[in-house]
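The values are calculated or read from the model by the stated rules, or taken from the named source; none is laboratory data. In this text the structure is predicted, and so the values were computed from the model without any measurement. So basically every Cβ, Gly included, is an ideal-geometry build from the backbone, and we count neighbours across all protein chains shown. The area values use the complete protein model at the heavy-atom level, side chains included, leaving out ligands, DNA and RNA. Shrake-Rupley method; radii C 1.70, N 1.55, O 1.52, S 1.80 Å.
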Amino acid sequence: MALQNHLPAAISSSSSAFLAPSNLGSSRASNASIPAKKIGVIRCVAAPHEEKTTYKTKVLRNANMAKLQAGYLFPEIARRRAAHMLKYPDAQVISLGIGDTTEPIPDVITSAMAKRSYALSTLEGYSGYGAEQGEKPLRAAIASTFYRDLGIGEEDIFVSDGAKCDISRLQVVFGSDVTMAVQDPSYPAYVDSSVIMGQTGQFQQDIEKYGKIEYMKCTPENGFFPNLSTVARTDIIFFCSPNNPTGSAATREQLTRLVKFAKDNGSIIIYDSAYAMYMSDDNPQSIFEIPGAKEVALETSSFSKYAGFTGVRLGWTVVPKELLFSDGFPVARDFNRIVCTCFNGASNIAQAGGLACLSPEGLSAMREVIGFYKENSEIIMDTFSSLGFKVYGGKNAPYVWVHFPGRSSWDVFGEILEKTHVVTTPGSGFGPAGDGFIRVSAFGHRNNILEACKRFKQLYK
């Protein structure tokens, strides 16, 4: 396109009038004698191109951030989903990838939050900063609801804005000099936060692992529980049950072995129980059901997947008073110091919702929503099983772990997205042992779950 077509009309016309020869002098010659001006030639000379320089500070980038591989898993999936929607703007894209809840929060819970919110507009009901550890009634309710008869008191509980946030705060407590073990596959926040803290070596492309992290392989062959006899001693052991992404749940006997392993090695278990209420089998819902666990474990959990609080943000971490560092100093005191330094406490409105969750009516409402998602899991499991796939998880967690032997997880993810417009999660995003699998989330409206399963059948029949 010619440059003049880009010029605004006003600029183009005025420039032409200015550059054209003028007859102004001849039209008025009979009335006035005006000295004629010599009109010369106007040249447009391009200014020399100046190299644009970007100002840089003298602050070095955190070298640990540079170790991270690509983007965090779920934003990367969101990026690919967005690109797909640009390519197919009319497609009905169904997202069964990121584990985000979809069903409304029960009214018994939101009404409590609304009441607390309105109270803030009154002199009697207003409150500002609260205790960083959480409001006393909520801490007591968490202790009595989830840890009754387990020796956990309200003073052991720290209310937060979610388990993911607490994982990073715990990393700050333990620092950069500790060694770390994770289930493989596992929730990416464990590994990424370890990298950011400086606990790891460089990423090793050939084996797709970071140096100095002990990857505890969890596959169908070992029942998704690591062979502890082959696991090297580490300071910290991340363990999630029911597991994200595999959906597997550790038995009482397995957790007893894990606690013994930690005690024999002087390690600390960070136990993630964010999906405990999805448990169908008679497996422990807390690590503290295992004798001796309070001396070697802490536990983090959340209302996110129970009450639909993924946006509200509310969770908790239990740090027993019996858990001590090698010098005898209580871990809880250091965690309390980090919480008081880095956090001003969970929203008082969210905490009102949390307290309502733990009322008899709230617990019943949460179980109903959890039951809905578990029905979704059954539909997804039945679909892939009918197509001849080996399917794991689903029974004790809202995730279905589907095996595509001999195939790359990202290739399967791309195939499903391209041909069915359904977003899943590639298993390799959770660790090298996850390659060859995809995770299908049961969080979705029922009609979307049914439609997605219809498309799966059309693709793989």
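Below are the figures for this structure:
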| read-out | value |
| --- | --- |
| First in region 402-416 and closer than 9 Å to PHE389 by Cα and open to solvent by less than 40 Å² (accessible area, probe 1.4 Å), second anywhere and assigned to a helix (DSSP H, G or I) and basic (Lys, Arg), Cβ under 7 Å, 6 or more apart | none |
| Flag for PHE437 being in contact with a Phe, Trp or Tyr (Cβ under 6 Å, 6 or more places away or on another chain) and hydrophobic (A, V, I, L, M, F, W, C) | yes |
| All positions within region 224-261 that are crowded, with 24+ Cβ neighbours inside 10 Å, hydrophobic (A, V, I, L, M, F, W, C) and within 26 Å of VAL173 (Cα to Cα) | ILE237, PHE238, PHE239, CYS240, LEU255, LEU258 |
| Number of positions in region 167-177 that are assigned to a loop (DSSP other than H, G, I, E, B) and touching a strand residue (DSSP E or B) at 6+ places or on another chain (Cβ under 9 Å) | 0 |
| Flag for ALA442 being open to solvent by 10 Å² or more (accessible area, probe 1.4 Å), of a type in the set (Gly, Ala, Ser) and touching a Lys or Arg at 6+ places or on another chain (Cβ under 8 Å) | no |
| Matching residues, region 306-337, being touching a residue at least 60 places away in the same chain (Cβ under 8 Å), of a type outside the set (S, T, N, Q) and open to solvent by 30 Å² or more (accessible area, probe 1.4 Å) | VAL312, ARG313, LYS321, ASP334 |
| Test: residue in region 180-195 that is over 29 Å from GLU253 (Cα atoms), touching a helix residue (DSSP H, G or I) at 6+ places or on another chain (Cβ under 8 Å), among the charged types (D, E, K, R) and touching a residue at least 40 places away in the same chain (Cβ under 8 Å) | no |
| Extreme residue, modelled with the lowest pLDDT, among residues of region 162-189 that are touching a Gly at 6+ places or on another chain (Cβ under 7 Å) and buried (at least 17 other Cβ atoms within 10 Å of the Cβ) | PRO188 |
| Residue check, ARG116 open to solvent by 50 Å² or more (accessible area, probe 1.4 Å), under 26 Å from LYS164 (Cα atoms) and part of a helix (DSSP H, G or I) | yes |
